[in-house]
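Encoded as structure tokens, the structure appears first; notes follow it.
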């Protein structure tokens, strides 16, 4: 049996008396585009904070490419590329400088960092912005830079937390197309967190998270069959019992 790209088993997390995640279990298969679908406040960002070790895992287990985050944190995180909901680029540095700083954190030498930076920026169609300060980029361009930077150390799993927030329709479509293309070109696995049902494709795997509970997992087609819904938005509404965007 192939080891999942990401495996969560019985993960719970609380903020004082409020439970943000309750016995959450799921798998992201290798080579899959998996959507973590939930309304704001569902627990998506809490889960991402646990996967990236921003928060300590106190209950349950998480593994990246078969590496347990508790027992082998360095090995697990080396397989992980992350794009957070909040911007993490330094606006006063150039695009290239942001990449070189990230490379240094991962122990990547200057020559390799330079070659990889140029390769990745060309792949996201920003090869001509290498020496531009980040603050001079549009919101969509910044997101593309963050995605490219997350791939600098050649991870096998890319996790993105609400990556299209604040972007217009065209920029949202570009980011989705870019990330989906990574699966075909790089053989990567992707966990894409969103509250927007129109970002789910029929071929995607889906984890429905609501108020800290996993309400359903499976292919988008399977969720449609399970609920008898005509589209993902209606299936989502049925599964969580509330309105959906």
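Before moving on, here are some points about what is shown:
- You will find that of 215, 221, 149, the residue that is outside any loop (DSSP other than H, G, I, E, B), within 28 Å of residue 3 (Cβ to Cβ), in contact with a helix residue (DSSP H, G or I) (Cβ under 6 Å, 6 or more places away or on another chain) and without any contact (Cβ under 8 Å) to a residue 40 or more places away in the chain is 215 and no other.
- Residue ID - nearest to the chain's Cα centre (by Cα), chosen from residues in the stretch 153-168 that are surrounded by fewer than 19 Cβ atoms within 10 Å (Cβ to Cβ) and modelled with pLDDT of 90 or more: 156
- Residue within the stretch 27-44 that is more than 21 Å from the chain's Cα centre (by Cα), modelled with pLDDT under 95 and either assigned by TED's automatic domain parsing to the domain that holds residue 222 or under 24 Å from residue 141 (Cβ atoms) (or both) present: no
- Identity of the residue in the stretch 64-82, touching a residue at least 60 places away in the same chain (Cβ under 8 Å) and not in a loop (DSSP other than H, G, I, E, B), that ends up surrounded by the fewest Cβ atoms within 10 Å (Cβ to Cβ): 78
- Hits in the stretch 83-98 - residues which are touching a strand residue (DSSP E or B) at 6+ places or on another chain (Cβ under 7 Å), under 21 Å from residue 36 (Cα atoms) and not in a strand (DSSP E or B): 84, 85
- Residue in the stretch 153-165 that is without any contact (Cβ under 8 Å) to a residue 60 or more places away in the chain, on the phi < 0 side of the Ramachandran plot and out of contact with any helix residue (DSSP H, G or I) (no Cβ under 6 Å at 6 or more places or on another chain) present: no
The values are calculated or read from the model by the stated rules, or taken from the named source; none is laboratory data. A quick note: this is a predicted structure, and the numbers were derived from the prediction, not measured. Please note: Cβ atoms are built from the backbone with ideal geometry, for glycine as well, and neighbour counts cover all protein chains shown.
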